[in-house]
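Have a look at the structure below, then the notes.
The values are calculated or read from the model by the stated rules, or taken from the named source; none is laboratory data. From a predicted model like this one, the values you see are computed outputs, not experimental measurements. A quick note on method: Cβ atoms are made from the backbone with ideal geometry, for glycine too, and the neighbour counts reach across all protein chains shown. Surface areas here come from the heavy atoms of the whole protein model, side chains and all, with no ligands, DNA or RNA. Shrake-Rupley method; radii C 1.70, N 1.55, O 1.52, S 1.80 Å.
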Amino acid sequence: MRKKIAAANWKMNTLQSEGKTLVANLLSTLPALSESRQVVIAPPFTQLVNVTAQLQGHAHIHASAQNCATEKSGAYTGEISAAMVTDAGAAYVIIGHSERREYYKEDNATLVKKSDIALENGLQVIFCCGEPLSVRDAETQNQYVETQIREGLFHYSTEQLKNIVIAYEPIWAIGTGRTASAQQAQDMHAHIRSVIAGKFGAEAADDMSILYGGSVKASNAIELFSCPDVDGGLVGGASLVAEEFTGIITAMVNS
Ligand code: PEP
């Protein structure tokens, strides 16, 4: 079943007290969620256990990590394994965010290792893809994103694909205040769905949740989420403001 999801990516923001207040405020205003309308919150690692505890008893709202290690365990100072993420109570992990690809030079081969190990540990993967501005300007974004998906996801079985959510995030729209138009988002999401259909079949493609990310706010979420192939959003800045994120969740629930 295709799910609609509003996912919050707090990035390297919030101390424990701030995160607790943010979650408490969200929970007090949350519209009704369901199997097909879910919320995901990705705090920094240090708050995963807190957030998981706060979400106890609230169905259809899950904690996520923002990253995990390529290796299972051992002498990898500073890394957090997928097993540790599961152990902290998270259900999801974000893999391949453009900030990880750009600042930490995570290439598609590295991301495959991370996604593989995340799935092995029972996590659902939010797999990010998206083109830089130069690629959009050259109008080669479809091929660029298709390559990211081929190299990142094509080795999975249809069964494994059920535990993957794709987040399309044009890099020129992340944290810039510049949002892709609803038409640009829809065109790319339809392209991604056809790429998935070409490899895994129409049913798997129809079931796949494809989120849009890039300066989503309460004010533009309704238009973006009403596109037939946009199944919600991965939200950075606006997810740090409870009122804004509640507005985005409401747009997702009503879409
Ligand atoms: C993101 O971090 O994935 C993101 C889309 O950020 P923002 O909403 O701030 O553009």
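For Ile210, indicate whether it is more than 18 Å from Ile94 (Cα to Cα) and surrounded by 18 or more Cβ atoms within 10 Å (Cβ to Cβ). I'd like the intermediate steps shown before the answer.
Details: more than 18 Å from Ile94 (Cα to Cα): no; surrounded by 18 or more Cβ atoms within 10 Å (Cβ to Cβ): yes.
No, not satisfied.
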Problem set entry | Breaking point among (1) touching a Ser or Thr at 6+ places or on another chain (Cβ under 8 Å); (2) surrounded by fewer than 15 Cβ atoms within 10 Å (Cβ to Cβ), for His58 | (1)
Exercise. How many residues does segment 103-143 contain that are open to solvent by 50 Å² or more (accessible area, probe 1.4 Å) and either within 16 Å of Gly213 (Cβ to Cβ) or of a type in the set (Val, Ile, Thr) (or both)?
Worked result: 2
Exercise. All but one of (1) within 17 Å of the chain's Cα centre (by Cα); (2) within 14 Å of the ligand (Cβ to nearest atom); (3) part of a helix (DSSP H, G or I) hold for Glu244; which doesn't?
Worked result: (1)
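Got a sec? Which of Gly177, Gly152 is more than 22 Å from Met1 (Cβ to Cβ) and either free of Cβ contacts under 8 Å to residues at least 12 places away in the same chain or open to solvent by 40 Å² or more (accessible area, probe 1.4 Å) (or both)?
Gly177
Output the helices (runs of 4 or more DSSP H) that fall wholly within segment 1-120 and possess 1 or more residues being more than 16 Å from the ligand (Cβ to nearest atom) and among the small types (Gly, Ala, Ser), or say none. Write out each step before concluding.
Values: elements: 16-29, 48-55, 82-87, 98-103, 108-120.
So the answer is 16-29, 48-55, 82-87, 108-120.
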For this session: Give the residues of segment 213-225 that are in contact with a helix residue (DSSP H, G or I) (Cβ under 6 Å, 6 or more places away or on another chain), under 9 Å from Ile248 (Cα atoms) and either assigned to a strand (DSSP E or B) or open to solvent by 10 Å² or more (accessible area, probe 1.4 Å) (or both), sorted by residue number.
Result: Lys217, Ala218, Ile222
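Matching residues to (1) within 26 Å of Ser239 (Cα to Cα); (2) over 19 Å from the mean Cα position of the chain (by Cα); (3) away from the ligand (no atom under 15 Å from the Cβ):
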position	(1), (2), (3)
Gly152	no, no, yes
Ala167	yes, no, no
Thr176	yes, no, no
Met188	yes, no, no
Ala197	no, yes, yes
For this session: With respect to Val235, determine if the residue is under 15 Å from the mean Cα position of the chain (by Cα), more than 13 Å from the ligand (Cβ to nearest atom) and surrounded by 19 or more Cβ atoms within 10 Å (Cβ to Cβ).
Result: no
